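Single-structure report; data block below.
Rule-based calculations on the coordinates, nothing more; no lab input. Note that the structure is predicted; figures quoted are calculated from it, not measured. Cβ: placed from backbone, ideal geometry, glycine included. Neighbour counts: every protein chain shown.
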Amino acid sequence: MPSRHGSWFGLLGLGAILLVAVGPEWAQGATSPRPLAPLPPVPIPPDNPMSPAKVELGKLLFFDTRLSGDGAVSCASCHDPKQGWGDGGDISRGYPGTQHWRNAQTILNAAYLRKIFWDGSVSSLESQAAAAATGNVAGNGDPMMMEERLRTVPEYVRRFNDVFGMEPTIGNAWRAIAAFERTLVSRHVPFDRYIQGEGDALSAEARRGLELARRSPG
């Protein structure tokens with residue numbers, strides 16, 4: 001897999017073929033590939049239904065530095081929308097005073113994945129948010145401290161009550177962030193338009209690559 005997130009855009013230009021080819025069936029453990037097609041609807045876990053208010057809360061939390069150890073790092077520090085929702089580097093900077101040993105993967109289209117992080121150590125976006133924010137060389141945040149910070153912000157108290165019917169809890173913060181991340185999906189990219197009949201949406205080189213992918217035994 002590419003180490004720089006600029007390389008991810010080459011994949012996404014073909015409508016995230018790798019994700020489409022395996023699709024939600026792969027995310028649920030099936031082994032047979034799907035036909036190449038635009039991305040299907042995002043799978044939503046039954047214990048974390050989507051709502052506009054939850055997504056908006058998750059977006060606020062995603063960019064909020066309160067969800068870190070020193071109050072200076074947010075999810076967006078490593079998953080920058082200007083860098084394709086990654087950080088653009090071969091190796092990510094760690095929590096201040098540390099150096100990570102991997103790079104931050106893009107979270108674009110991550111809603112379709114069954115295993116997340118390079119080592120596949122978590123299986124949901126909710127778990128990914130928690131692991132990143134509390135990891136020693138990532139957010140390095142203490143869950144109790146982060147929760148208390150959120151409870152001191154009247155706007156968060158109001159929003160959590162509106163969405164979850166209770167004051168801020170760190171578990172619900174991860175659920176809101178995951179809901180926001182499930183909206184980060186590539187749509188109407190050149191591959192999508194090509195497969196829907198726009199013949200010149202892909203370059204001749206990309207069409208040759210697509211033909212090779214279709215001929216590949218798997």
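What the Cβ-Cβ distance of residue 47 and residue 121 gives, at R0 = 30 Å and to the nearest 0.05, is a FRET efficiency of 0.90.
You can think of it this way: the chain between residue 36 and residue 193 has 55.3 nm of extra reach, that is 0.36 nm per residue less the Cα-Cα gap. Each residue in 65, 183 was given a count of other beta-carbon atoms within 10 angstrom of its own, and listing them fewest first yields 183, 65.
At a 10 Å Cβ-Cβ cut-off, how would you order 189, 137, fewest neighbours first? Write down the numbers at each step before the final one.
Details: 189 18, 137 15.
Listed from fewest to most nearby Cβ atoms, that is 137, 189.
Order these by the 10 Å Cβ neighbour count, fewest first: 77, 216. Kindly include the intermediate steps, with their values, before the conclusion.
On the way: 77 19, 216 9.
The order, fewest Cβ neighbours first, is 216, 77.
Mark the label point 7 Å from the Cα of residue 166 along Cα→Cβ and return the residues of the range 53-69 whose backbone N is within less than 18 Å of it. Within reach of a label on residue 166: 54, 58.
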